[in-house]
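Heads up: the structure comes next, in structure tokens.
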Amino acid sequence: MESEKEILLQVRNLTVTYHTRLGLINAVDNVSLDIYRGEILGLVGESGCGKSTLGKALMRMITPPNEIKSGQIIFEGEDIMKYNQRQMRDFRGRMTSMIFQDPMTSLNPVQRVDEHMVEAIQVHEQKMQMEKALERVRTLIGRLGIQERRLNSYPHQLSGGMRQRVMIGLGLLLNAHLIVADEATTSLDVIVEAKLVDQLREIREEFGVTLLMITHNIALVAEAADRLAVMYAGKIVEIGSVFDVFDNPKHPYTRGLLKSVPSIRMDENEELYKMPGEPPNLTFPPTGCRFHPRCPVAMPICSKLEPALQEAAPKHLVHCWLYQDHPLKQEQAVLSEK
Ligand SMILES: Nc1ncnc2c1ncn2[C@@H]1O[C@H](COP(=O)(O)OP(=O)(O)OP(=O)(O)O)[C@@H](O)[C@H]1O
Ligand SMILES: [Mg+2]
């Protein structure tokens, strides 16, 4: 991305707390993040690292007793944490749109696709005539690669991929500036996925929409996204252009994650790398850097102090002591030389 990119969404020091049987956990812990207008940002990380929680928190969709404990979410210059209920409804309806892990749950099972879509148009253009609204829907679904006959289908009659595209379409009809797609492609096969990637990029070009793509599928993100953020145990540990993060991963966790992805270049007998250890229990997260118990290059400082998320290369931010200085680090280096 170019340096002059306009920031659409700014997250500062965001912490989200869940009440669990074992106590309170910060599923998102002091996260700061910028999303640029018009970009596709991929968000990856092992299951349970807080991706969906972050996505929901961006729309203030965390419900009591769970809460956004602290932090700021600035969308197009306004702090949405200060919005009242009416402003929030407007924000969720028109500015943003969230596609959940299973879109079946967010579509009305007894409403056909065309009904969903016309309703979306009428939310902000109530007077638009039915025929005109349908015309707009037909043009849009063509662009999304959905056949016209599908307009008469009910959600359960569509494949997972098509439901996802209907949801993206609804976001576009509502004129959403930001679409958060959580696991938009889990249930799709490889060919359908490749097609969706092309379409996502086309949609972005055409509608100027911004997409946050939350997924397990790193290969897909590599194709579709401009930038990539990697999460570990409630923290963003690395963020940068897809090119930089893939070609020059800096965080030891990102390196492990990329090594554990199957590649076509692999020999059929070659064993896939498996990262040692498990993600931590968030009720008692490790001190210092949360990754240090699993980290192959951990230093003494890593279990004591938490690093900042800082530039390790231009526009490539990493949350790791390998790239940051601290008096304690030098002291320990001297001690170990003795
Ligand atoms: N409603 C909830 N109440 C209590 N704990 C929750 C709740 N939702 C999520 N969690 C916990 O918060 C942590 C982060 O969960 P989250 O769903 O955000 O992870 P994720 O990265 O989206 O995982 P996945 O890749 O499996 O979708 C996990 O430890 C999870 O068990
Ligand atoms: Mg999730």
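Just so it is clear, none of the values below were taken in a lab; they were calculated from the coordinates. Values in this document were obtained by computation on a predicted structure and should not be read as measured data. In this analysis, Cβ positions are derived from the backbone assuming ideal geometry, glycine residues included, and neighbour counts consider all displayed protein chains.
Between the amide H of Asn217 and any residue lying 5 or more places away or on another chain, no distance stays under 5 Å, with hydrogens modeled in the peptide plane. Paramagnetic label reach from Glu6 (point 7 Å along Cα→Cβ; backbone nitrogen cut-off under 15 Å): within segment 51-84, residues 75-78. About its Cα centre, the chain has a charge dipole of approximately 860 debye under the convention of +1 per Lys or Arg Cβ and -1 per Asp or Glu Cβ, with nothing else charged.
Could you calculate the FRET efficiency of Glu125 with Glu223 from 1/(1 + (r/R0)^6), where r is the beta carbon distance between them and R0 is 35 Å, rounded to 0.05? Intermediate results must be reported in sequence, preceding the final value.
Details: r = 35 Å, r/R0 = 0.99.
That gives a FRET efficiency of 0.50.
Distance between the pseudo-spin-label points of Leu305 and Leu134 (7 Å out from Cα toward the beta carbon): 6.7 nm.
Can you give me the C-alpha center-to-center distance between segment 194-244 and segment 122-182, rounded to a whole angstrom? What the calculation gives is 22 Å, centre to centre. Annotation: amide H-H contacts under 5 Å for Gly42 (H modelled 1.01 Å from N, sequence separation of 5 or more, or interchain): Met213, Asp226, Arg227, Leu228, Ala229.
Rounded to two decimals, the Cα-based Rg/Rh of the chain, with Kirkwood Rh, is 1.00. A protection proxy built from the mean count of other Cβ atoms within 10 Å ranks the segments 77-84, 40-47, most packed first, as 40-47, 77-84. Here the extension length gained between Met61 and Arg37 equals 6.5 nm, from 0.36 nm per residue of separation less the Cα-Cα distance.
Would you please state which residues of segment 201-234 a label at Leu272 would reach in this model, taking the label point 7 Å out along Cα→Cβ and a backbone N cut-off of under 12 Å? Backbone N within reach: 217-219. With R₀ fixed at 45 Å, the C-beta to C-beta distance from Arg21 to Arg143 puts the FRET efficiency at about 0.45. Straight-distance candidates among the aspartates and glutamates for linking to Lys250, with alpha-carbon spacing under 18 Å and chain neighbours fewer than 8 residues away dropped: Glu46, Asp226, Glu238, Glu306, Glu311, Asp325.
Take the cross-link list Lys274/Lys315; Lys69/Lys235; Lys304/Lys329; Lys5/Lys195 and give me the ones stretching past 18 Å between alpha-carbons.
Values: Lys274/Lys315 29 Å; Lys69/Lys235 15 Å; Lys304/Lys329 10 Å; Lys5/Lys195 27 Å.
Table pairs above 18 Å Cα-Cα are Lys274/Lys315; Lys5/Lys195.
Extension gain, Met81 to Glu205: 0.36 nm times the residue separation minus the Cα-Cα distance gives 41.7 nm.
By Kyte-Doolittle mean hydropathy of at least 1.0 and Cα axial length of at least 24 Å, which whole DSSP H helices of the chain are selected? Write down the numbers at each step before the final one.
Working: long enough: 190-207 (25 Å, -0.01).
Both cut-offs are met by no helix.
Which order do the peptides 224-234, 245-255 take when ranked by the mean count of other beta-carbon atoms within 10 Å per residue, highest first?
224-234, 245-255
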